[in-house]
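The structure appears right after this line, and notes come after that.
The values are calculated or read from the model by the stated rules, or taken from the named source; none is laboratory data. Remember, predicted model here, so these are calculated numbers, not experimental data. In this analysis, Cβ positions are derived from the backbone assuming ideal geometry, glycine residues included, and neighbour counts consider all displayed protein chains.
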Amino acid sequence: MYAPPAVSFSVVRSTVQGRCLAAALSLALVVGVLWLDQGADPGWRQGLYLLLLLVTSGLAIRQWRRVPIGQLQWDGRTWRWSAWPDAACSLTVRVDGQTWLLVSLRSEAGSTLWLWLERQTEVTNWPALRRAAYGSGQADAGLSADGRVPEP
């Protein structure tokens with residue numbers, strides 16, 4: 001079995017993450033409207049719910065807009081993140097949606113970063129990125145001189 005190829009992948013703000021956020025906020029709004037519809041007169045509880053919904057929605061949207069943007073690189077042995085150029089990282093796939101991946105990236109210093117990677121960002125590099133994401137754990141076992149991962 002061959003080691004995963006070297007690949008570089010651009011990380012941008014995820015539309016999948018944005019859609020999940022929009023769906024969650026919409027659901028919270030619908031629940032609030034249904035709750036208001038059930039009661040005779042809105043009271044302080046409904047007002048508090050609306051206030052908390054506005055605050056949490058604003059914070060969630062702000063956080064989504066501040067998502068890290070950069071370059072994720074696999075050189076055949078280690079992962080690198082453009083914001084941590086001197087630190088090797090470990091990448092773990094957390095959720096695989098086939099056309100998107102939710103991954104956690106952990107630096108040697110212990111910092112963890114969650115990234116949403118999408119096929120539409122770099123269609124041509126997507127297959128290589130997926131091979132590297134799933135095959136990079138095998139590279140730690142060591143490669144033979146011809147670049148192959150030893151068979152068990």
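Can you pull out every residue in the stretch 15-36 that is touching a Phe, Trp or Tyr at 6+ places or on another chain (Cβ under 7 Å) and closer than 25 Å to R119 by Cβ? Passing the criteria: V16, Q17, G18, L21. Residue count for the stretch 31-74 satisfying the condition of being of a type in the set (G, A, S) and under 25 Å from L102 (Cβ atoms): 4. Quick check on the stretch 110-152: of everything there that is hydroxyl-bearing (S, T, Y) and under 16 Å from W81 (Cα atoms), which residue is modelled with the lowest pLDDT? For the stretch 110-152, the residue satisfying everything is S136.
Residues of the stretch 28-81 that are within 30 Å of R130 (Cα to Cα), among the small types (G, A, S) and over 19 Å from the mean Cα position of the chain (by Cα): G76 alone.
With respect to V12, determine if the residue is closer than 23 Å to W114 by Cβ and at pLDDT below 95. Yes; evaluated as a whole, the condition is true for this residue.
Matching residues to (1) of a type outside the set (G, A, S); (2) under 30 Å from D75 (Cβ atoms):
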{"position": "S8", "(1), (2)": "no, yes"}
{"position": "Q17", "(1), (2)": "yes, yes"}
{"position": "S26", "(1), (2)": "no, no"}
{"position": "Q38", "(1), (2)": "yes, no"}
{"position": "L50", "(1), (2)": "yes, no"}
{"position": "L54", "(1), (2)": "yes, no"}
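Only one of the numbered conditions (1) without any contact (Cβ under 8 Å) to a residue 60 or more places away in the chain; (2) surrounded by 14 or more Cβ atoms within 10 Å (Cβ to Cβ) is not met by W44, and that is (2).
Find the residue count for the stretch 84-117, including only residues that are assigned to a strand (DSSP E or B) and either surrounded by 13 or more Cβ atoms within 10 Å (Cβ to Cβ) or touching a residue at least 12 places away in the same chain (Cβ under 8 Å) (or both). Total satisfying the criteria: 23.
Would you check which residues across the stretch 118-135 are in a helix (DSSP H, G or I) and touching a strand residue (DSSP E or B) at 6+ places or on another chain (Cβ under 6 Å) and list them?
The answer is T121, N125, A128, L129, A132, A133.
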